[in-house]
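Novice: Provided herewith is a single structure, encoded as structure tokens, for subsequent inquiry.
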Amino acid sequence: SQQGEEDPQALSIQEGENATMNCSYKTSINNLQWYRQNSGRGLVHLILIRSNEREKHSGRLRVTLDTSKKSSSLLITASRAADTASYFCATDAQGGKLIFGQGTELSVKP
Amino acid sequence: SAVISQKPSRDICQRGTSLTIQCQVDSQVTMMFWYRQQPGQSLTLIATANQGSEATYESGFVIDKFPISRPNLTFSTLTVSNMSPEDSSIYLCSANLAGAGQPQHFGDGTRLSIL
């Protein structure tokens with residue numbers, strides 16, 4: 001069964017705005033990863049944050065992790081139309097087996 | 001960077017038939033994983049494929065329906081057996097190319113439609 005929950009399920013914003021997606025999970029984890037999927041294709045890895053880290057940055061992406069609340073957030077700053085995709089969080093609690101959240105469908109309008 | 005390739009990329013099959021999906025990694029990895037993504041849904045882990053041992057299946061998935069082979073450290077296959085329309089999904093393989101606890105990389109997936 002799916003462990004993670006994400007919200008919102010869908011998000012529509014204008015180009016240049018920031019997009020924030022949230023992820024919650026249920027059990028202890030080794031790390032949490034965020035992925036992007038364009039139109040039902042393969043997943044692209046965005047960022048990995050370990051359980052002993054609280055924040056991580058990569059370009060326009062900022063990820064936070066709160067293990068006490070079992071939650072994470074992904075912030076995309078200055079969004080572009082090319083950021084339109086589905087975004088998934090995935091937790092690694094046991095040797096590489098990923099449990100995925102339900103995903104957030106992001107639409108960035110030009 | 002290392003690449004994971006899957007084939008076929010898509011197929012349309014008749015119910016009752018079986019299809020084998022291949023996954024090739026361009027570096028040696030200990031574990032490979034197979035996921036299913038049903039239409040409009042997230043990914044669900046089917047099984048973990050270790051070289052030299054039987055695959056480990058997640059709850060709700062059985063070897064008779066989804067037999068997996070892992071003949072070496074760079075290759076795995078997933079067979080979807082006796083297909084029905086409910087098996088219409090995207091099937092993806094993945095691996096930790098840099099080892100456990102590192103980002104997992106995915107193939108482009110196999111989009112399977114059963115008529």
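The values are calculated or read from the model by the stated rules, or taken from the named source; none is laboratory data. On a predicted model such as this, the values are computed, not experimentally measured, just so you know. Every residue, glycine as well, gets a Cβ built from its backbone with ideal geometry; the counts of neighbours run over all protein chains shown. Heavy atoms of the whole protein, side chains included, go into the accessibility calculation; ligands, DNA and RNA do not. Shrake-Rupley method; radii C 1.70, N 1.55, O 1.52, S 1.80 Å.
Novice: Take the residues of the stretch A:11-39 that are small (Gly, Ala, Ser) and over 15 Å from A:Gln102 (Cβ atoms): which is surrounded by the most Cβ atoms within 10 Å (Cβ to Cβ)?
Specialist: To start, the set of residues in the stretch A:11-39 that are small (Gly, Ala, Ser) comprises A:12, A:16, A:19, A:24, A:28, A:39.
Those left that are additionally over 15 Å from A:Gln102 (Cβ atoms): A:12, A:16, A:19, A:28, A:39.
Details: A:Ser12: 12, A:Gly16: 11, A:Ala19: 21, A:Ser28: 11, A:Ser39: 7.
Per the criteria, the residue is A:Ala19.
Novice: Pick out the one residue from B:Gln14, B:Gln6, B:Gln37 that is in contact with a strand residue (DSSP E or B) (Cβ under 9 Å, 6 or more places away or on another chain), of a type outside the set (D, E, K, R) and open to solvent by 50 Å² or more (accessible area, probe 1.4 Å).
Specialist: Within the list B:Gln14, B:Gln6, B:Gln37, the selection yields B:Gln14.
Novice: With the structure loaded, tell me whether B:Phe33 is in contact with a Leu (Cβ under 7 Å, 6 or more places away or on another chain) and assigned to a loop (DSSP other than H, G, I, E, B) or whether it fails that test.
Specialist: no
Novice: Sticking with this structure for a sec: If you go through the stretch A:72-96, how many residues are farther than 20 Å from A:Asn52 by Cβ and either part of a strand (DSSP E or B) or under 16 Å from the mean Cα position of the chain (by Cα) (or both)? Before you say what the answer is, go through the steps one by one.
Specialist: From the stretch A:72-96, those farther than 20 Å from A:Asn52 by Cβ are A:75-88; that's our starting set.
Those still in the list that are either part of a strand (DSSP E or B) or under 16 Å from the mean Cα position of the chain (by Cα) (or both) too: A:75-77, A:79, A:83-88.
Total satisfying the criteria: 10.
Novice: Among the candidates B:Phe61, B:Phe106, single out the residue that is aromatic (Phe, Trp, Tyr), within 16 Å of A:Gly42 (Cα to Cα) and open to solvent by less than 70 Å² (accessible area, probe 1.4 Å).
Specialist: Sole residue among the options that is aromatic (Phe, Trp, Tyr), within 16 Å of A:Gly42 (Cα to Cα) and open to solvent by less than 70 Å² (accessible area, probe 1.4 Å): B:Phe106.
Novice: Something else about it: Limited to the stretch A:70-98, what total is found for residues that are touching a Lys or Arg at 6+ places or on another chain (Cβ under 9 Å) and among the hydrophobic types (A, V, I, L, M, F, W, C)?
Specialist: Total meeting the criteria: 7.
Novice: I want to confirm something. Restricting to the stretch B:73-115 and keeping residues that are of a type outside the set (A, V, I, L, M, F, W, C), more than 15 Å from the chain's Cα centre (by Cα) and not in a helix (DSSP H, G or I), which single residue is farthest from the other protein chains (Cβ to nearest Cβ)?
Specialist: B:Asn82
Novice: Taking only pairs six or more apart or across chains, which ones have beta-carbon atoms under 8 Å, a first residue in the stretch A:84-110 that is within 10 Å of chain B (Cβ to nearest Cβ), and a second residue that is among the β-branched types (Val, Ile, Thr) and in a loop (DSSP other than H, G, I, E, B)?
Specialist: Pairs that qualify, where the first residue is within 10 Å of chain B (Cβ to nearest Cβ) and the partner is among the β-branched types (Val, Ile, Thr) and in a loop (DSSP other than H, G, I, E, B), are A:Asp92/A:Ile29.
Novice: Shifting gears a bit: Can you report the number of residues in the stretch A:55-71 which are of a type outside the set (Val, Ile, Thr) and part of a loop (DSSP other than H, G, I, E, B)?
Specialist: 5
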